[in-house]
1. Got a number for residues in segment 121-152 being open to solvent by less than 10 Å² (accessible area, probe 1.4 Å) and either modelled with pLDDT under 90 or not in a helix (DSSP H, G or I) (or both)?
2. Scanning segment 102-116 for residues that are free of Cβ contacts under 8 Å to residues at least 60 places away in the same chain and open to solvent by less than 30 Å² (accessible area, probe 1.4 Å), which turns out farthest from ILE134 (Cα to Cα)?
3. Against the conditions (1) of a type in the set (Lys, Arg); (2) open to solvent by 40 Å² or more (accessible area, probe 1.4 Å); (3) touching a residue at least 12 places away in the same chain (Cβ under 8 Å), where does LYS98 fall short? Just the number, please.
4. Taking THR225 and the conditions (1) over 18 Å from VAL60 (Cβ atoms); (2) in a strand (DSSP E or B); (3) of a type outside the set (Lys, Arg); (4) open to solvent by 30 Å² or more (accessible area, probe 1.4 Å), which numbered condition does it fall short on, given that it satisfies the others?
5. In segment 166-188, is there at least one residue being under 21 Å from GLN69 (Cα atoms) and open to solvent by less than 30 Å² (accessible area, probe 1.4 Å)?
6. If I ask for residues that are outside any strand (DSSP E or B) and among the β-branched types (Val, Ile, Thr), which ones from segment 198-222 would you list?
7. What number of residues in segment 111-133 are in contact with a helix residue (DSSP H, G or I) (Cβ under 6 Å, 6 or more places away or on another chain) and either closer than 26 Å to PRO216 by Cβ or of a type outside the set (S, T, N, Q) (or both)?
8. Counting only residues that are within 20 Å of SER160 (Cα to Cα) and in contact with a Leu (Cβ under 7 Å, 6 or more places away or on another chain), how many does segment 201-247 have?
Amino acid sequence: MSDLFGHPILTVRIHAGFNANSFLAGLLALTGQTAGTAESYMRRLFPTIDAHIAFGPRSVNGILGYTLQIITPHEHAHRTPADIRRLYDESLLSDAAKSKALAIWQVLSEAEARVHGTTVDHIHFHEVGRMANILAIGLIADFMTTIEPQQLVASPIPLSDGTVKCAHGVVPYPAPAMFAMMENVAVRPWSGEGEPVTPTGLAVLIGLGATFGGWPTMTITERATVFTPNVFEGVANGTLFAFGKLMPLES
């Protein structure tokens with residue numbers, strides 16, 4: 001992979017459509033990867049798992065960006081944190097990458113435990129625990145272990161009084177697990193309908209130690225726009241990613 005180093009700051013500016021796939025797509029786009037290199041990357045780290053990466057350009061409202069989907073066989077996922085740890089242990093992820101990936105899943109596990117009034121050892125993931133998320137988070141963790149930005153800065157999370165369909169039926173947005181992890185997370189009002197940020201997307205940011213706020217003071221060195229397959233009507237779509245360098249102090 002080319003041009004992975006020398007980027008002290010990574011910022012993620014979320015409008016509508018952010019999840020684990022979005023974060024991975026942003027990293028691939030910022031570093032000039034292709035569908036072929038993305039596929040090879042996944043197969044090298046997870047050689048025994050049947051999956052395929054679809055990564056490439058996508059245009060929304062005439063604006064060109066990138067999108068990513070990890071395609072796996074249909075499944076009814078009811079995985080535990082121990083199941084996910086075992087999958088990472090069977091992969092070729094480094095110990096450092098496994099640690100980052102498991103930190104993200106720990107955020108999700110603790111949120112699910114709070115929602116259901118139980119302990120981390122007794123939870124089961126439903127939609128969140130599907131193989132596509134496990135792969136995306138593992139690849140994100142490996143990428144971030146290589147890049148190691150000094151700062152990860154995310155925009156305030158867009159929130160509305162909408163609804164979300166999940167394994168528990170129709171629930172308020174943000175979904176219960178996402179709402180359970182929002183302490184100390186900056187938010188802003190959003191006028192669209194749907195789920196602009198998923199619990200997994202927020203867990204990635206929290207698990208990687210992101211701070212939430214305005215654009216950091218920096219010089220932009222690389223940039224990318226990422227869209228999800230969903231189009232949110234009447235609002236700005238996409239997530240903006242930028243690598244930056246610290247601006248020199250004025251003498």
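1. 3
2. Across segment 102-116, the extreme among qualifying residues is ALA113.
3. Failing condition for LYS98: (2).
4. (1)
5. No - not one qualifying residue is present in segment 166-188.
6. Of everything in segment 198-222, those that are outside any strand (DSSP E or B) and among the β-branched types (Val, Ile, Thr) turn out to be THR198, THR200, VAL204, ILE206, THR217.
7. 8
8. Adding up the residues that qualify gives 1.
The values are calculated or read from the model by the stated rules, or taken from the named source; none is laboratory data. Computed from a prediction, not measured in an experiment: that's the story for all the values here. Reconstructed Cβ throughout: ideal geometry from the backbone, glycine too, with neighbour counts over all protein chains shown. Ligands, DNA and RNA are excluded from the accessible area calculation, which covers all protein heavy atoms including side chains. Shrake-Rupley method; radii C 1.70, N 1.55, O 1.52, S 1.80 Å.
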